[in-house]
Amino acid sequence: MLEIVPGSHLAVTPYGAWLAVARADDGGPRRRILRSILQETESPLLSVDSAIAWSGEKSAEKALEALLSLQDDASLEAWPSPRSAPSGALGSTLPQYLAVLGDSGHALLADHQGFCLAVTGYTAEIGDALAAVGADILSVAERQATPLAQLGAHLLDGWGNVDAAGVSGLSFWPMHVGRTRLVLAVSGRPRFNQRAFAELVWALYTRYGRI
């Protein structure tokens with residue numbers, strides 16, 4: 001049987017954060033673990049009982065296998081002391097993370113109704129326009145969920161506004177946090193493989209993850 005490492009506090013990595021929000025479906029024990037950890041306001045202490053509760057598995061061995069799998073693909077990391085989730089109003093907390101998620105410094109987060117939760121780099125007018133476009137993209141993605149799922153390996157995570165050479169200067173990324181549907185718009189090349197993205201997702205999960 002796999003072993004628990006005493007004194008380890010678990011945190012979700014940028015890659016794990018994307019796995020947690022990229023799809024609306026349950027996703028099995030791996031994504032249940034990620035989502036459970038992200039709902040905590042402080043990185044939780046690892047224990048057998050917690051692993052079982054997070055994963056929804058009935059046996060400790062199955063739960064720990066899922067945890068090990070997440071560790072192996074760098075979705076989870078362990079810390080010797082707890083870390084706290086970002087706090088404060090989203091409108092003032094999230095822009096610092098949005099600012100580094102693309103190489104242009106321009107990004108926006110909006111909900112499915114086109115309401116802008118946070119923005120950086122864009123004027124108010126452009127931000128409102130992008131929020132409206134993002135809401136429409138979320139609507140299309142939801143209505144066409146069944147045929148899109150049939151694309152299998154050809155189904156990508158983001159929607160891009162591309163030029164004739166196929167280069168995207170603006171991309172939209174649907175995100176699912178609990179039952180809340182959000183869209184992240186980024187100008188330039190996305191840079192999600194950094195701690196700022198994990199912190200942004202953590203802030204969103206502590207707010208919307210249980211809704």
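The values are calculated or read from the model by the stated rules, or taken from the named source; none is laboratory data. In this text the structure is predicted, and so the values were computed from the model without any measurement. Note that each Cβ is placed from the backbone with ideal geometry, even for glycine, and that neighbours are counted across all protein chains shown.
List of remarks:
- Helices (runs of 4 or more DSSP H) contained in region 1-96 and holding at least 1 residues within 17 Å of residue 175 (Cα to Cα), among the polar types (S, T, N, Q) and at pLDDT 90 or above: 28-38
- For region 66-83, filtered to residues that are more than 17 Å from the chain's Cα centre (by Cα) and touching a residue at least 40 places away in the same chain (Cβ under 8 Å), the residue that is surrounded by the most Cβ atoms within 10 Å (Cβ to Cβ) is 67.
- At least 1 residues being modelled with pLDDT of 95 or more and either in contact with a Phe, Trp or Tyr (Cβ under 9 Å, 6 or more places away or on another chain) or under 28 Å from residue 36 (Cα atoms) (or both) is the threshold, and among the helices (runs of 4 or more DSSP H) wholly inside region 122-211 those reaching it are 124-143, 195-208.
- Of all residues in region 163-180, those being basic (Lys, Arg) and either in contact with a strand residue (DSSP E or B) (Cβ under 7 Å, 6 or more places away or on another chain) or closer than 12 Å to residue 103 by Cβ (or both) number 0.
- Within region 74-120, the residues that satisfy the criterion of being closer than 25 Å to residue 44 by Cα and of a type in the set (A, V, I, L, M, F, W, C) are 74, 76, 78, 79, 85, 89, 90, 94.
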